[in-house]
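Visitor: Quick one: the structure is below, and I'll ask about it shortly.
Values quoted throughout were computed directly from the atomic coordinates according to the rules given, and no laboratory measurement underlies them. Since this is a predicted model, take the numbers as computed values, not measurements. Cβ: placed from backbone, ideal geometry, glycine included. Neighbour counts: every protein chain shown.
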Amino acid sequence: MHGLFHQPLPPGQNLAVVLQVRDHGESDKIVTLYTRGLGKLASIAKGAKRSKKRFVNKLEPFSLLNVQLATSRSSSLMRLDEAELLAPYPALRQEYPQYLAATLLCELVLHWTREHDSDAELFDLLTWALSGLASGGEGRRTIAFFHIKLLEILGYRPSFDGCLDCGMLSAQKAPYRFSPLRNGLVCNSCEPAFSANSLPISMQTVQLLRKAQDLAQDKLERLRFSKGALLETLALLRRYDSHLLQRELQSWNFLC
Ligand SMILES: [Zn+2]
């Protein structure tokens, strides 16, 4: 992966990524944002469907904005008063593989976070992944790295250090399986039969996942995943999502 976002984001701004936009009534839009300071929130952009100036080309999914928000007495939605476009990431809308990966990134943030629960580290991870994709980063790799770090930030880091029952990690105990229910690995000696929901995982993928967990975000691009290891990783993350979120995220269908 190249061209990842290494520059620090401008300080003192109300930074926000557009996760979702939908029309509301004759002239308004409801914009779901992931903001650096306030976390996820739904806002209403009054007149956005008609206005030729204020919001033109700004309220598009994936865009990085500097926003002015106000609370409203009459509604639980915040009012989006102004938006300055900091990064439009056009490649994410023009190239289909980039679009699919960016859609999944936003869907993950939408479902893994709660309203008004801010996490600057997660915000920075999201903009890192979006800008990496926008400058040509490979979709599946970006998703895998983003997701591994997302779980860590949110406190759901799976354990790949060894079998949860005997503690061992060795080729003699293979094949290992990942159990979403137990949040870790079980070896073939301790659990020879497939249990519900568990997923086979090769030793090579286990080792790569451990490295990815331990590497800093800006060093992740050094890791090389074979195609097989990448697909195994994505299958594992997808299964973990559906177990913990109790829903299927639609965008996974287009990626693996
Ligand atoms: Zn074991």
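Visitor: Which residues make up the longest stretch of the chain that has no GluC sites (Glu not before Pro) in a DSSP loop with at most 12 other Cβ atoms within 10 Å?
Guide: 27-247
Visitor: Amide H neighbours of residue 87 under 5 Å, at least 5 residues apart or on other chains, H built in the peptide plane: list them.
Guide: Those qualifying (amide H under 5 Å, at least 5 residues apart or on another chain) are 64.
Visitor: For the chain, give the magnitude of the charge dipole about the Cα centre (Cβ charges: +1 Lys/Arg, -1 Asp/Glu; no others), in debye to the nearest 20. Could you put the intermediate results ahead of the total?
Guide: Values: 31 positive and 25 negative charges, 81 e Å.
Its charge dipole is roughly 400 debye.
Visitor: If I model a spin label at residue 244 and residue 174 as a point 7 Å from the Cα along the Cα→Cβ vector, what separation in nanometres do I get?
Guide: Result for the modelled spin labels: 2.6 nm.
Visitor: Which aspartates and glutamates, if any, have their Cα less than 14 Å from the Cα of residue 227, not counting same-chain residues under 8 positions apart?
Guide: 138
Visitor: Applying the Karplus parametrisation 6.51 cos²θ - 1.76 cosθ + 1.60 with θ = phi - 60° to the phi angles of segment 217-230, what ³J(HN,Hα) value in whole Hz is obtained for each residue in order, glycine and proline being reported as x?
Guide: Along segment 217-230, the couplings run 3, 6, 9, 4, 5, 6, 6, 10, 9, 5, 4, x, 5, 5 Hz.
Visitor: Follow-up. Give me 41, 169 sorted ascending by neighbouring Cβ count inside 10 Å, so fewest comes first.
Guide: Arranged by neighbour count, lowest to highest, 41, 169 become 169, 41.
Visitor: Another one. What does the charge dipole of segment 28-110 about its Cα centre add up to, to the nearest 20 debye, if the Cβ of each Lys and Arg holds +1 and the Cβ of each Asp and Glu holds -1?
Guide: 420 debye
Visitor: Karplus couplings for segment 192-203 from phi (6.51 cos²θ - 1.76 cosθ + 1.60, θ = phi - 60°), rounded to Hz, Gly and Pro as x?
Guide: Ordered by residue, 3J(HN,Hα) equals x, 9, 5, 9, 3, 6, 6, 9, x, 8, 6, 4 Hz.
Visitor: Under 12 Å from the Cβ of residue 134, count the other residues' Cβ atoms, weight Lys and Arg +1, Asp and Glu -1, and hand me the total.
Guide: The answer is 0.
Visitor: Have a look at 213, 127, 155 and report the one farthest towards the positive end of the charge dipole of the chain, computed about the Cα centre with Cβ charges (Lys/Arg +1, Asp/Glu -1).
Guide: Farthest towards the positive pole: 127.
Visitor: I'd like the antiparallel share, as a percent to the nearest 5, of DSSP beta bridges with both residues in the chain.
Guide: Numbers: 31 of 36 bridges.
Close to 85 percent.
Visitor: So what J values fall out for segment 248-253 if you push phi through Karplus, 6.51 cos²θ - 1.76 cosθ + 1.60 with θ = phi - 60°, rounded to Hz, Gly and Pro as x?
Guide: 9, 7, 4, 5, 4, 4
Visitor: Still on this structure, please answer the following. List the residues whose amide H sits under 5 Å from the amide H of residue 163, counting only those 5 or more places along or on another chain, with H placed 1.01 Å from N in the peptide plane.
Guide: Placed amide hydrogens put 168, 169 under 5 Å from residue 163.
Visitor: In addition: Most fluctuating residue of 139, 155, 47 in a GNM of the chain with Cα springs under 10 Å: which is it?
Guide: 155
Visitor: Now, a different point. Select from 65, 236, 215 the residue whose mean-square fluctuation is largest in a Gaussian network model of the chain (Cα-Cα springs shorter than 10 Å).
Guide: 215
Visitor: What FRET efficiency comes out for the pair residue 73/residue 26, r = Cβ-Cβ distance, R0 = 30 Å, nearest 0.05?
Guide: After rounding, the FRET efficiency stands at 0.85.
Visitor: Taking amide H atoms as placed 1.01 Å from N in the peptide plane, list the residues 5 or more away in sequence, or in a different chain, whose amide H sits under 5 Å from that of residue 138.
Guide: 2
Visitor: Now for a separate question. Just to be sure I understand: of the beta bridges DSSP finds with both ends in segment 72-209, what percent are antiparallel, rounded to 5?
Guide: If we restrict to bridges inside segment 72-209, about 75 percent are antiparallel.
Visitor: Hey, another quick one. Relative contact order (percent) for the chain, with alpha-carbon contacts under 8 angstrom and 6 or more residues of separation? Provide the component values of the computation, followed by the final result.
Guide: On the way: 441 pairs, mean separation 43.0, N = 256.
Over the chain, the number comes to 17 percent.
Visitor: Still on this structure: Please give the charge dipole size of segment 210-256, origin at the Cα centre, charges +1 on K and R Cβ atoms and -1 on D and E Cβ atoms. Round to the nearest 20 debye.
Guide: 160 debye
Visitor: Also: Check the straight Cα-Cα distances from residue 211 and name the aspartates and glutamates below 15 Å, setting aside those fewer than 8 residues away within the same chain.
Guide: Result set, ordered by chain and number: 152, 161, 221.
Visitor: Which of the aspartates and glutamates could a cross-linker span from residue 58 if the Cα-Cα distance has to be under 13 Å and same-chain partners fewer than 8 positions apart are dropped?
Guide: Hits, sequence-local ones excluded: 81, 82, 84.
Visitor: Of all DSSP beta bridges located in segment 155-256, what percent are antiparallel, nearest 5?
Guide: 75 percent
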